[in-house]
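Read the structure below first, then the notes.
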Amino acid sequence: MSGFSAGWLALREPVDAAARNPELTARLLDWGRGREPLTVLDLGSGTGANLRFLAPLLGGEQHWRLVDHDPVLLARGEEQCGAWVAKRELNLTLDWRRLDLVSDWARLDFRGVQLVTASALLDLVSTDWLERLARHCRDARAAVFVTLSYDGSIVWEPALAGDEEAREQVNRHQRTDKGFGPALGPDAARTLAARLRKLGYEVMSRPSPWRLGPEQRAMQTALLEGWVNAARQIAPEAGDDWADWLARRRGWIEQRASRLWVGHEDLFAWERKWR
Ligand SMILES: C[S@@+](CC[C@H](N)C(=O)[O-])C[C@H]1O[C@@H](n2cnc3c(N)ncnc32)[C@H](O)[C@@H]1O
């Protein structure tokens, strides 16, 4: 299990929603017009943040298959989304499926799927897995909308000695195996774009950075702590070297004096001849 807590996903959901690239979302909505009913496959759905963002915008009749290997997140999603759909009077069917995206390929159901989507998943996967995904999408003649893939950039304000080293260690950790083989980390979105182009897709990529202001202390703190843990795992020989950097950064966050930029990319791909 990759270990994403429901609490972490809830913390990042509004930040992700604000970061998504509006031009790319608009392009997806243009594509979606007149395709009702729409069948969507959401990979690594967690509790359904991607659905909660996209479904009200897409509108009309939609059928979502939401796939994740974490039963706790799926149960939370089902509970949260049942009430959410009823309240908004959306014309949605939701099919939550517990599957492992690595070992359960044969059970991933692409039949009738017009749109394959994922949010905050891509940096976990390997080149081989992406190849396979791209081929399945092409065979299903499905459009692809993959958002919030980390692009390797982290910028703190105020800057501090150690920032660049921390970023490098985080990016090294990004490339370790998360269950899909050696992870592409910051290269994942670019790699998927290249594979899809080769298969005949038109691809648009746009930035979707997190811009965290001084008031977003919980999110900044969670990221800071996660990154220091990652750096310690990657270079255990550094021992307590991060303690000062961590303390200075924590102090600024607590004093509401810290800003943080984290680069992401959104990608939308559709087959050329469908334009
Ligand atoms: C960063 S979370 C993103 C969740 C959700 N898309 C969102 O935006 O909130 C990554 C998700 O991928 C799922 N995941 C990771 N490895 C997986 C695997 N091998 N099979 C299925 N799901 C996986 C995790 O359980 C988690 O829900």
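Only one entry in Asn50, Asn21 is in contact with a strand residue (DSSP E or B) (Cβ under 8 Å, 6 or more places away or on another chain), more than 9 Å from the ligand (Cβ to nearest atom) and among the polar types (S, T, N, Q), namely Asn21.
When the range 78-108 is limited to residues that are assigned to a loop (DSSP other than H, G, I, E, B) and within 14 Å of the ligand (Cβ to nearest atom), the one that is surrounded by the fewest Cβ atoms within 10 Å (Cβ to Cβ) turns out to be Ser103.
Answer with yes or no whether Ala231 is hydrophobic (A, V, I, L, M, F, W, C) and touching a His at 6+ places or on another chain (Cβ under 8 Å). Yes: the conditions hold for Ala231. Residue pairs whose Cβ atoms lie under 8 Å apart, sitting 6 or more positions apart in sequence or on different chains, and linking a residue in the range 60-77 that is at positive phi to a partner that is charged (D, E, K, R) and surrounded by fewer than 23 Cβ atoms within 10 Å (Cβ to Cβ), are Gly60/Glu36.
State yes or no: is Ala194 closer than 30 Å to Arg52 by Cα, outside any strand (DSSP E or B), small (Gly, Ala, Ser) and in contact with an Asp or Glu (Cβ under 6 Å, 6 or more places away or on another chain)?
no
When Gln169 is tested against (1) surrounded by fewer than 15 Cβ atoms within 10 Å (Cβ to Cβ); (2) assigned to a helix (DSSP H, G or I); (3) not acidic (Asp, Glu), just one condition goes unmet, and that condition is (1).
Quick one: which residue in Ala257, Ala269, Ala218, Ala231 is small (Gly, Ala, Ser), in a strand (DSSP E or B) and either surrounded by 17 or more Cβ atoms within 10 Å (Cβ to Cβ) or touching a residue at least 60 places away in the same chain (Cβ under 8 Å) (or both)?
Matching residue, one of Ala257, Ala269, Ala218, Ala231: Ala269.
Read-outs throughout are calculated quantities, based only on the coordinates presented, and are distinct from any laboratory measurement. Bear in mind the structure is a predicted one, so any value in this text is a computation, not a measurement. For neighbour counting, all protein chains shown are included, and Cβ atoms are generated from backbone atoms with ideal geometry for every residue, glycine included.
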